[in-house]
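Okay, structure first, notes after.
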Amino acid sequence: MSIAASGFFAYPSDSATAETITNAVHELNNGGLVRLRTWEDLRVGGKLIINAVSKAIDEADIFCADITALNPNVMFELGYAIAQNKRIWLIYDPTIPELAANFEKLKILTTVGYARYENSFDIVRKFLTEKPFEDLSSTIFSEVIQPMAFSASSQSLLYLKSRQNTEASVVLSNKIEKAANAAGIPLIIDDPRESNVQPLAWYGEQVYNAAAVVCHFIGTSREGALLHNARYALVAGLAHGIRRPLLMLAHGEFAVPVDYRDLLKQYQTASEAANHFQAWIVGVLDSLQQRGLSQKAFVASVEMAQQLSAIRIGETIAENEAERLKDDYFVETAAYNEALEGRQTIFVGRKGAGKSAALIKLASVVGADKRNLVCVIKPIAYEFQGIIQLMAKYREADIKGYAIESLWKFLIYSELAKTAVAAIKLRPSQLIEPHEINLTFLLDENRDLLAADFSVRLERCVKLLLQAASQNASGTEARRVAISEALHTGFLKNLRDALSEALAPKDRVAVFVDNLDKPWDKHSDIESLSEFLLGLLKASNRVSNDFRSVSATQKTVNVSLAVFVRADIFYRVLGVARERDKIPFSKMLWSDPAQLLRIVDERFVSSATKISDAPDGVWKRFFVPEVKEIPVKDYLVSQILQRPRDLLFLVKAAITTAVNRKHSQVMEEDILTAQRQYSQFAVDSILVENGVSLKKLEDLIYEFAGCRVIQTRMEIADILKRARIKDEEENSIIEHLCNLTFLGRETEDGVFRFAEDEQDARKIAVLARNLSEKRNSPPRFKINAAFCPFLEVQGIY
């Protein structure tokens, strides 16, 4: 399940506009493609409005705004979102002539597209047509501002001058010029009286390269006030987003927008305006001096920021970076080495634990030796309704098991034949051996049966088995014969013999199976699908043994078959097995923090930058040493689910946040912001894993919002009641939350352990029960730190 893009929608508070947009937002959220919030959704009680809005924009992937009225609040938020490198999507109502004329005059946005609307249906239709959630990297900052922003090498004082030459403007301008000269800082003036409106790229470049920004608004009653203040509000938002010292000045009659009320100074006289500037510039210059941001130091800072932005740690999803996993970085684990040596058949790991990465690397390493053959079975999707019908047709366990095993053998042998023939045909014809020609001929002669992809062959086989089951053959042997005939087992023997002859010279034939969890969701017949996959797990050993058997017509072939299965699915499959101990498997765990951190270290080493540091050097140069007084690497590992995907997501988000904020180093605040983004990702990830288990988990998880991080058993029970969980279900639900690593159990005084898998969870449950009995007190639970920021959990986690 893909993760829906998040967004923030800004708009004026007038009733007509607000109603139209909130209706559209509601409709879009119901569609599930995005998760949009509005300023009305923010909990701003007791907080600075600008802080709440900034946080919401920081956490969003997309910034949407209605710019019809050129509302100063909205324009400021737009500038901030652009600076934060957000995907921008703007709307505009052209049906109000006066506002339409003003909008056309605001030249600063000429390079920015927008969608016209008249009602909420227009907004929804345009949003779904333009799909801003599909090209999140197409940002105004990266395309318009960034190419210019990195070119300058000096800092300046950017002064956005008043449109009118009032007494305050004259006095303030003189004061600013003298201060810039005295400090030796270049002064860049945007004077509306001297030049036309500058393009957005110019403002972005100047703000980025500024040591500080002064923005002089004008009273709303003055000529041109709407356009002037709207443009300056946007530039002020840019400055605030790029973290530049910002002074906003306005006459007392100016209606201060609520969003940045605390950032703007009002004055009644010219001298009061000058005094505001003087008090502000002293602090700015002192800060510059203390930080040593001279011309030379600034250049070094820019170079450092550019190096940070050049760090590439790859994608969090293995399939999106297969080539780099093969060639540049991969961390070997015990499970990987077992698969490499062909010693295990089933590899079990949670979502994001590195199953696909291991398969990609294994296929590359084993396949690099021309003496080997690698066959990867990784269906994109397959139809499961027929499988469910098939399971219902065969009621006797023996017949059902025989049918499933025969089905899997046919699928594996035919896939292996396709892979072998494809490799044979890549060689010059004079180098092809007679036994290889025989296999090629057999495949070509039976293309209707063998040539289709995995999903199509599976569907055809299921239909044939359903037809055989409908014949109502009496007796076990007769039904086995019907199954054999349906799956062409006579031909299958010939195919296996041809494969044995063709593959006998190979040192090793490795079959890797992945992606079989695609049809699993909460709407599926889980028991039937479990039996189907159980057949594969049983067949995996038998396929290997079939090719090792020596007979007069068959040569020995070293065939190994490895199946990669998501942990929650595997344990459901294991639940329907009669002889669980006969299903060998290896767990893909990351309980060692040092090994988990190697995932990032290896990517630092291979990052395509000019950085020559070893991993420790990269950490020291580009990351703060501590977060909340904890060493940075220890902190990062302590705040995530112990999986490669989670660590990569958090580190990548922290680097991106720092780059967006123009930091030369990943600061503590960057990591904390990234942590909030990661926390939502973590919640979404367990909802995906939960697809085959507890219904309405999402509603239950949200009931933990705002609670304390440590909960007693009674407090957990109260939360479950609010989620409308029945009393008789409480124990099983708590067990499920522990299996998902959402809750940890207290096993020693003040020590909470989170389960690595369902087997580990049972052991932890016993330890927790023993502690509770020893203390004669109710058991306690702790919410995993990974989920706390998103749920705004209270306490130290």
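Brief remarks follow.
- Being modelled with pLDDT of 80 or more, open to solvent by less than 30 Å² (accessible area, probe 1.4 Å), hydroxyl-bearing (Ser, Thr, Tyr) and part of a loop (DSSP other than H, G, I, E, B) is a property that does not hold for residue 169.
- Checked against the criteria, residue 73 does not count as modelled with pLDDT under 85, open to solvent by 10 Å² or more (accessible area, probe 1.4 Å) and closer than 24 Å to residue 264 by Cβ.
- Pairs with Cβ under 7 Å, 6+ apart, first in the stretch 451-471 and without any contact (Cβ under 8 Å) to a residue 60 or more places away in the chain, second crowded, with 17+ Cβ neighbours inside 10 Å and not aliphatic (A, V, I, L, M): 457/414; 461/410
- The stretch 616-632 residues that are part of a helix (DSSP H, G or I), paired with ones that are modelled with pLDDT of 90 or more and among the acidic types (Asp, Glu) (beta carbon under 9 Å, 6 or more apart): 632/626; 632/668
- Of the residues 112, 53, the single one that is aliphatic (A, V, I, L, M), buried (at least 21 other Cβ atoms within 10 Å of the Cβ) and either farther than 18 Å from residue 232 by Cα or at pLDDT below 90 (or both) is 53.
- Verdict on residue 407 being at pLDDT below 85, hydrophobic (A, V, I, L, M, F, W, C), in a helix (DSSP H, G or I) and open to solvent by less than 60 Å² (accessible area, probe 1.4 Å): yes
- In summary, residue 147 fulfils each of the numbered conditions (1) at pLDDT below 85; (2) open to solvent by less than 40 Å² (accessible area, probe 1.4 Å) with the single exception of condition (2).
- Among the residues making up the stretch 701-748, those that are acidic (Asp, Glu), open to solvent by 10 Å² or more (accessible area, probe 1.4 Å) and closer than 25 Å to residue 350 by Cα are 703, 729, 730, 735.
- The single condition from (1) β-branched (Val, Ile, Thr); (2) buried (at least 19 other Cβ atoms within 10 Å of the Cβ); (3) more than 39 Å from the chain's Cα centre (by Cα) that residue 421 fails is (3).
- Some residue of the stretch 122-137 being open to solvent by 40 Å² or more (accessible area, probe 1.4 Å), touching a strand residue (DSSP E or B) at 6+ places or on another chain (Cβ under 8 Å) and at pLDDT below 85: no
- Of the criteria (1) over 19 Å from residue 497 (Cα atoms); (2) surrounded by fewer than 19 Cβ atoms within 10 Å (Cβ to Cβ); (3) charged (D, E, K, R), which one residue 361 fails: (2)
- Number of positions in the stretch 320-347 that are of a type in the set (Val, Ile, Thr) and either modelled with pLDDT of 85 or more or over 16 Å from residue 563 (Cβ atoms) (or both): 2
- Qualifying residue in the stretch 728-737 (condition: among the β-branched types (Val, Ile, Thr) and within 29 Å of the chain's Cα centre (by Cα)): yes
- Which listed residue, of 24, 10, 16, 4, is more than 14 Å from residue 126 (Cβ to Cβ) and at pLDDT 90 or above: 10
- Subset of the stretch 644-656 (residues that are closer than 16 Å to residue 681 by Cα and β-branched (Val, Ile, Thr)): 651, 656
The values are calculated or read from the model by the stated rules, or taken from the named source; none is laboratory data. Owing to the predicted nature of the structure, the values given are computational and were not obtained by experimental measurement. Glycine also receives a Cβ, built like all others from the backbone with ideal geometry; neighbour counts cover every protein chain displayed. Surface accessibility is based on the protein's heavy atoms, side chains included, excluding ligands, DNA and RNA. Shrake-Rupley method; radii C 1.70, N 1.55, O 1.52, S 1.80 Å.
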